[in-house]
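Structure, as C-alpha cells:
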Amino acid sequence: MASSLTKDSPDLPERPPGSGTGPGTTPEKTFFGHPRGLATLFMTEMWERFSFYGMRALLTLYLLSGGPDASTGLQGGGLGLTLATTTAVYSIYLSMVYLLAMPGGWLGDRVWGPRRTVTVAACTIMAGHLTLALPGAGTFFAGLALVAVGSGLLKANISTMVGQLYDGPDDPRRDGGFTLFYMGINIGAFFAPLVIGTVGETYSWHLGFALAALGMGLGLLQFLLGTKHLSPESGRVPTPLSREERARWLTRGLSWLLAVSVFYGVVVFTGAFTLNWAMVPLTLAGVAIPAGVLIRMKRDPDLSPAERARMSAYIWFFVAAAVFWMIYDQGGSTVQAFGTTKTAHQVFGIGFPTSWYQSLNPVFIMALAPVAAWCWLWLNRRGREPGTAVKFAAGLALVGVSFFFFLIPLVLAADGVAVSPVWLVGVYLIQTVGELCVSPVGLSVTTKMAPAKYAGRMMGVWFLAVTAGGSVTGMLAIAGVGLSRTGVVAVEAALATLAGFAMFMYRGKVRALMGEVR
C-alpha cells in the first residue's frame with residue numbers, strides 16, 4: 001500500500017535505507033518528497049484511526065440500543081443503557097485514552113522503545129476490538145479497556161517516530177511531514193463511520209466491531225512490513241530503566257494491582273458492585289491526576305523564575321482547553337444521541353445511518369485546516385495575527401456558540417417532531433472551527449512553553465486537558481444531570497462563552513506570564 005504512494009526523488013541526497021535524511025550511497029525513495037518511513041507511519045495511523053473512530057461511531061448507539069432512551073428505529077442487541085449512563089461511559093472511555101498517553105510515552109522512553117511499544121499497542125487494540133465483537137456486557141467493557149490501553153500506548157510513540165525521520169527540528173520538511181501524518185488521521189476518521197458505522201448500525205454491531213479489528217490488523221501488518229524504512233532510533237530505548245528502577249516499578253505496579261484486585265474482589269463477592277464502582281473512581285482520577293501533575297510541575301524548585309511564570313500562563317490555557325473539550329467531546333455522546341433519536345435520518349429523501357454524523361468533523365478539518373493555516377500566515381505577514389490567548393478565547397466562544405445553536409433543534413424537537421439533520425451539521429461545523437483555534441494552537445504553545453526539564457513530557461500534559469474535560473462530563477452524567485436538557489445545554493454554552501470572555505479580558509496578564517513566547 002505504501003509503495004504505491006512513493007516515488008523516486010533525484011533532487012534529494014542519497015542515504016542508506018531507513019537512516020533518516022543523512023548522506024549515504026543508496027538512492028532514496030520518498031513519500032511525496034518525505035522519508036519513505038513516513039508512508040509506513042501514515043498508513044499505520046490511518047488504519048488505527050479507522051478502527052478507533054469506527055468503534056467510537058458505534059459506541060453511543062450500541063450502549064443505547066435496547067434501552068429506554070434508544071430510537072425506535074435502532075436495531076436491538078445493544079447494552080440497553082440509559083442516556084446518562086451512556087454519556088458517562090463514553091466520556092470516561094475517551095478520558096482514559098488520553099490519560100494513558102502519558103504512561104504510554106513513558107514505556108516508549110524507558111522500557112520498550114517507540115517501535116516495540118507501537119507494535120504492542122496495535123496488538124492490544126486489535127485484541128480489544130475482537131473482544132468487543134463478542135456478545136455480553138462483561139466482554140464489552142473488557143474490550144473497551146483494551147482499546148483504551150492500546151490507544152494510549154500508541155498515541156505518543158507513533159508521533160515520536162515521525163519526528164525521528166527528520167534531521168532535527170530545523171529540517172525544512174518536518175512541518176510538512178507532520179501535516180501529511182495529520183491528514184492520515186483524518187482520512188481514517190472520515191471513512192470509519194461510513195464503513196464500520198454502516199455495517200454495525202444497520203446489520204450487526206459485533207460485525208462492525210470485528211471490522212474495526214480488521215482495520216487495526218491491516219495497520220499492524222503495514223507497520224511490520226515497513227519498519228525497515230523507519231529511523232534506527234525508533235528501535236532504541238532512549239533512557240532505559242536500570243535494574244534497580246525496573247524492580248522498584250515492578251514491585252510498585254504489582255502492589256497497586258493486588259490492592260485494586262482485592263478491593264474489587266470484595267465488592268463483587270458481597271454483591272455490591274454496580275457500574276458506578278468503576279466509573280466514579282475513574283472520573284475522580286481523571287480530574288485529580290491532571291491537577292496533581294500541573295501543581296507538581298508548577299512547584300518544582302528546579303524551574304527558573306521564567307519557567308515558573310510560563311507554567312502559570314500554561315495553566316490558563318490548560319483550564320480553557322478542559323472547558324473546551326468538555327463540551328466539544330459531547331459531539332460523540334449528547335449530540336450523537338440527539339441525532340439518533342430526534343432527527344430525520346434522511347437528506348433529500350435519501351436515508352443514512354446516524355453514525356455518519358461522526359464523519360462530519362474530519363471532513364470539515366480536512367477542508368478548513370489549510371484555510372486556517374493560510375489565514376494565520378496572512379495576518380502574521382501584516383502584523384495582525386492574534387496571540388495565543390485570543391485564539392483560545394475565540395475557540396471557547398465558538399464551542400459555546402455551537403451549543404447555543406444546538407438549543408434550536410432541541411426546542412424544535414420538544415414536541416416530538418423529527419428535526420432536519422442539517423441542524424447538527426451546523427453544530428459540528430461551528431465546533432470544528434473552534435477546534436482549529438484551540439487544538440493545533442495548543443499543541444504549538446505546549447512545545448514552546450515547556451520547561452527544559454519537562455520538554456519530553458509536556459505533550460502528555462496537554463492531552464490531560466481532554467481527560468479533565470471528559471471526566472467532568474462523566475461526573476455530571478453519573479450525578480444524573482440531564483446533559484441533553486435545554487437548560488443544561490444553555491448553561492454549558494454560557495460557561496464556555498464566559499470562559500472565552502475571561503481569557504480575552506485577561507490576555508494581557510497571560511501574555512506577560514508567557515515572557516518571550518508568542
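The values are calculated or read from the model by the stated rules, or taken from the named source; none is laboratory data. Owing to the predicted nature of the structure, the values given are computational and were not obtained by experimental measurement. All Cβ positions, glycine included, derive from the backbone under ideal geometry; neighbour counts span all protein chains shown.
Some notes on this structure:
- Residue within the range 11-28 that is in a helix (DSSP H, G or I) and either modelled with pLDDT under 75 or touching a Gly at 6+ places or on another chain (Cβ under 8 Å) (or both) present: no
- Considering residues of the range 370-389 that are hydrophobic (A, V, I, L, M, F, W, C) and in contact with a helix residue (DSSP H, G or I) (Cβ under 6 Å, 6 or more places away or on another chain) only, the residue nearest to Arg56 (Cα to Cα): Ala372
- Filter result (out of contact with any helix residue (DSSP H, G or I) (no Cβ under 8 Å at 6 or more places or on another chain) and β-branched (Val, Ile, Thr)) within the range 282-318: Ile295
- Scanning the range 353-395 for residues that are part of a loop (DSSP other than H, G, I, E, B), buried (at least 17 other Cβ atoms within 10 Å of the Cβ) and without any contact (Cβ under 8 Å) to a residue 60 or more places away in the chain gives a single hit, Pro386.
- Residue satisfying all of: in the range 480-512; buried (at least 20 other Cβ atoms within 10 Å of the Cβ) and outside any loop (DSSP other than H, G, I, E, B); modelled with the lowest pLDDT among these: Val510
- The set of residues in the range 194-203 being free of Cβ contacts under 8 Å to residues at least 24 places away in the same chain and assigned to a helix (DSSP H, G or I) consists of Val199 alone.
- All conditions in (1) more than 25 Å from Ala285 (Cα to Cα); (2) assigned to a helix (DSSP H, G or I); (3) of a type outside the set (Phe, Trp, Tyr) hold for Ala477, with the sole exception of (1).
- Residue check, Leu153 touching a residue at least 60 places away in the same chain (Cβ under 8 Å) and either within 20 Å of the chain's Cα centre (by Cα) or surrounded by fewer than 20 Cβ atoms within 10 Å (Cβ to Cβ) (or both): no
- Within the range 118-148, considering residues that are of a type in the set (S, T, N, Q) and modelled with pLDDT of 95 or more, the one nearest to the chain's Cα centre (by Cα): Thr124
- Flag if Ser304 is under 21 Å from Gly400 (Cα atoms) and either touching a residue at least 40 places away in the same chain (Cβ under 8 Å) or surrounded by fewer than 21 Cβ atoms within 10 Å (Cβ to Cβ) (or both): no
- Selection of helices (runs of 4 or more DSSP H) fully inside the range 204-323 by the criterion of at least 2 residues being aliphatic (A, V, I, L, M) and outside the structural domain of Ile185 (by TED's automatic domain parsing) returns 243-269, 276-298.
- Residues in the range 269-294 that are surrounded by 11 or more Cβ atoms within 10 Å (Cβ to Cβ) and among the β-branched types (Val, Ile, Thr): Val280, Thr283, Val287, Ile289, Val293.
Residue-by-condition table, conditions (1) among the hydroxyl-bearing types (Ser, Thr, Tyr); (2) touching a Ser or Thr at 6+ places or on another chain (Cβ under 6 Å); (3) buried (at least 22 other Cβ atoms within 10 Å of the Cβ); (4) part of a helix (DSSP H, G or I):
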position: Phe42; (1), (2), (3), (4): no, no, yes, yes
position: Ala57; (1), (2), (3), (4): no, yes, yes, yes
position: Tyr62; (1), (2), (3), (4): yes, no, yes, yes
position: Gln75; (1), (2), (3), (4): no, no, no, no
position: Gly80; (1), (2), (3), (4): no, no, no, no
position: Val97; (1), (2), (3), (4): no, yes, yes, yes
position: Trp112; (1), (2), (3), (4): no, no, no, no
position: Ala121; (1), (2), (3), (4): no, no, yes, yes
position: Thr124; (1), (2), (3), (4): yes, no, no, yes
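- Val162 at pLDDT below 90 and part of a helix (DSSP H, G or I): yes
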